[in-house]
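S.K.: A single structure is presented below for examination.
The values are calculated or read from the model by the stated rules, or taken from the named source; none is laboratory data. Computed from a predicted model, the values in this text were never measured in an experiment. As a convention, Cβ positions derive from the backbone with ideal geometry for all residues, glycine included, and neighbour counts pool all protein chains shown. For accessibility, only protein heavy atoms count, side chains too; no ligands or nucleic acids. Shrake-Rupley method; radii C 1.70, N 1.55, O 1.52, S 1.80 Å.
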Amino acid sequence: MCGIVGAWLNEPGDGGVQALLVEGLRCLEYRGYDSSGLGIIQPDELIVRRRQGRLAKLESLLAESGDAPALLGIGHTRWATHGEPSDGNAHPHQDAGRRVALVHNGIIENYLDLRHEVEAAGIELQSATDTEVLTQIIGIELSKGSEPLEAVRSCLERVRGNYAIALVTREPKERLICARQGPPLCIAQSERGVFLASDVMALLPYTRQITFLEDGDIAELTRSKVSIIRLNGERVERAPRQVDWDAESADKQGYAHFMLKEIHEQPDVLARAFHGRIDVERGDVQLEGDSFSDAALSKMQRLQVTACGTALHAGYIAGYMVEGLARVPVDVDYASEFRYRNPKLSEGTYALGISQSGETADTLEALRLAIRLGAHGTCIVNSISSSMVRDCQGMISIEAGPEIGVASTKAFVAMLVASYLLAIRTARARGTVTAEAASQLLRDLRELRPKLSTLLSDERVAKVRAIAEHVVDSKGFLFLGRGINYPVALEGALKLKEISYVHAEGYPAGEMKHGPIALIEPGMTTLALAPKGRLAEKLRSNIEQVKARGGRVICVGSDPGCHAVSDEGLAVPDTNEWLSPILNVVPLQLLSYFIAELKGCDIDKPRNLAKSVTVE
Ligand code: M6R
C-alpha cells in the first residue's frame, strides 16, 4: 500500500537524486501504482513532480522538466485510499509556504478533525487526501519557528492512525525526516549517502546493513548521521541488521513477468524452505526457537490460524496438516473477521499468523489481539525483518526470497512447506506420529522437488497454455476440491480473479449440489482437483454431475479415474495427501497466468490491488 523512498546523496552522480529515487520507486511499484511523484530540494526551491498512472508517466514528466540534478529528495508510488488517483492527489504534498514536501503510506483516521484545524488556520487544502493535512500542520509548525524534527514530532503526536511518512524540508534548514507507526520503513547509510525506503529491496543496491524503524520512531537523516527519537522526544538507538536477500532476485531475469519467474522458482523455493530443517533418519524436524520445542508443543491445546488472501488459503491447509498429523484442534479465520468478533481463546492456544510480507494490517492486528488474549504468538513469514516477526515469540521463515508479482505464488508453496514442517514437528513432540512414519513423510517432501520441476517443463507449461486458449472465453469458472485440496480450489479461483478479472469461485466439491450446480451450463468451465486417494471416487461423481449438465471439466491431479471422465486434463505426479496441494496448485497458477496474458491484463500489477496491504 504505497511505496516510499528518500535519499540524501554526497555527490549528484549521473542524474542526481532524481534518478536514484525513480530506481527505488521501480522496486516498490508493486506496493501501489496508480500515481507517483518526487519532491526534490534545489538550492533555492522545493520542486514537486507528480503524475497519475504508472511510473513511466512520471519519468516522461521528469524528462520534460529538465530539472538540474539534486542531492536531496523523496519519492512515492501510490495506492489510493483517500481521494481518487489523480495528479492532484498524488504524493508528495506540499504545505502552503512550500517549505516541506511529504509522502505517506497508511491512513490518518482523524484526518477530518485535523483538516478542520488546518482550514481554521486559513489554509485552503489542495487535495482530497488525508496526507496533505500532515504536510500543512508541519508547515504551520515550521512557520512558527519550530525545528523540522520538532515540527514533525508535534504533528504526529496529534495523529491517530497508521502511517509511514517521509518528508524533506527546505526552510529553516534542509532536512530528510521519516516516521513509522504501522507500515514498514527502513534506512541505509553508505558512502554514496543516506537512504530510506518502505522495503529493503530498494536499499540493497547501496548496502546490506539496514536499520529498521519501530512503531513510534521518528528519524532525522543527515549525510553523516541518523538520529532517532520516540514520539515523546526520547532518543533511541536502532542498530543496523545484515540482510541476506540479494538485489538480483528482484529482477525478471528474462521472464516476461515476475509472476512467471516466481512460478518457475518454486522447485528451488521448496528445497530452500526445508533445507537444514529435516532429519529423515530420525524422523523429525528442527525449527528454531523455544516455541517449537517438545516441552512447548506438548502443551499446545489449540491452534488459531489467522491470515488474509493466499496466506489464508495456506492457513487452511496448515489447519488440515496440524489437525490431521498432530491431532490438535485447529481454527482458521480471516484475520479481518477474527479481530472484530470478540474471540474467546482457551488456555494453551498457539496463535499462528501466516504472511508473505509480515506487514498485512489485519493479520498483524489479529495476532496482536490473540497474544493479548493469552495466546502464544507464532508466525510463518517471508520477510523476517517484518513487524509480525517482532510481535511473535516464535517464527518460521519460509525463505522464499523477494516476491514481487502482486499475485502470490512461490510464497504460497513455501508457506505450505513451513506448515508441513510445523505439523510434523508438533506431531513428533506430541507422539501422534511415529519416527518411522515421520521419516516417510519427510522422504516424500524430499522427493517433491523433481515432481514440481516436471510440472514446469516446457511441454507441461505448453499444455496449460493450450488449455488456457480453449477456456479463455468461458462464462465463468468453478474450482472444486475436497479435503486438503479444497483450499487449493479457493487459491485457484483467487489467482484467476485477481489477475484475469474473470469471475471464478472455489468450492468444496461436495457442497456443489447445494447451490453452485445451478451455474453449470455449456460455456462454464470447472477445474476439478483430483489427487489419487480416499476422496478420488467422490470427486469423480462430482465431475460426472457437472458433465451431465453440459459443463466442461478440466481435471488437475493424479487420479486416472477422474481424468478419464473429464474433457481435458493436466496430469500431476502423485505424492502423499498432505503434500498434494503443493503440486496441484502449480497448473492453476499457470492457467491463470496464461488466461490473463491472453486477455492482455497487467499481470504483475493487477488493477485495484497492491502487494502489501498495510491498511484495513
Ligand atoms: O503479505 P501477506 O501474505 O500477508 O498478504 C496477504 C494477501 O494480501 C495476499 O496473499 C493477496 O491475497 C495476494 N494478492 C494473493 O495473490
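S.K.: Give the residue, chosen from 268, 290, 279, that is under 29 Å from residue 201 (Cα atoms) and more than 16 Å from the ligand (Cβ to nearest atom).
M.R.: Step by step, each of 268, 290, 279 is checked, and only 268 is under 29 Å from residue 201 (Cα atoms) and more than 16 Å from the ligand (Cβ to nearest atom).
S.K.: Right, next: Given the condition touching a Leu at 6+ places or on another chain (Cβ under 6 Å) and open to solvent by 40 Å² or more (accessible area, probe 1.4 Å), answer yes or no: does some residue in segment 120-132 qualify?
M.R.: no
S.K.: Every residue in segment 550-561 that is within 24 Å of residue 469 (Cβ to Cβ) and either open to solvent by 70 Å² or more (accessible area, probe 1.4 Å) or of a type in the set (Asp, Glu) (or both), please.
M.R.: 552
S.K.: Go through segment 463-581 and tell me which helices (runs of 4 or more DSSP H), entirely inside it, have 3 or more residues that are closer than 25 Å to residue 312 by Cβ and modelled with pLDDT of 95 or more.
M.R.: Output list reads 486-500.
S.K.: Now for a separate question. Being in contact with a Ser or Thr (Cβ under 7 Å, 6 or more places away or on another chain) and either within 15 Å of residue 3 (Cα to Cα) or open to solvent by 10 Å² or more (accessible area, probe 1.4 Å) (or both) is true for just one of 214, 191, 220, 171. Which residue is that?
M.R.: Sole residue among the options that is in contact with a Ser or Thr (Cβ under 7 Å, 6 or more places away or on another chain) and either within 15 Å of residue 3 (Cα to Cα) or open to solvent by 10 Å² or more (accessible area, probe 1.4 Å) (or both): 220.
S.K.: Which pairs have Cβ atoms under 9 Å, sit 6 or more apart or on different chains, and link a residue in segment 210-234 that is over 20 Å from residue 71 (Cα atoms) to one that is among the hydroxyl-bearing types (Ser, Thr, Tyr)?
M.R.: Listed pairs, sorted by first residue: 210/385; 212/385; 212/386; 214/387; 215/387; 228/211.
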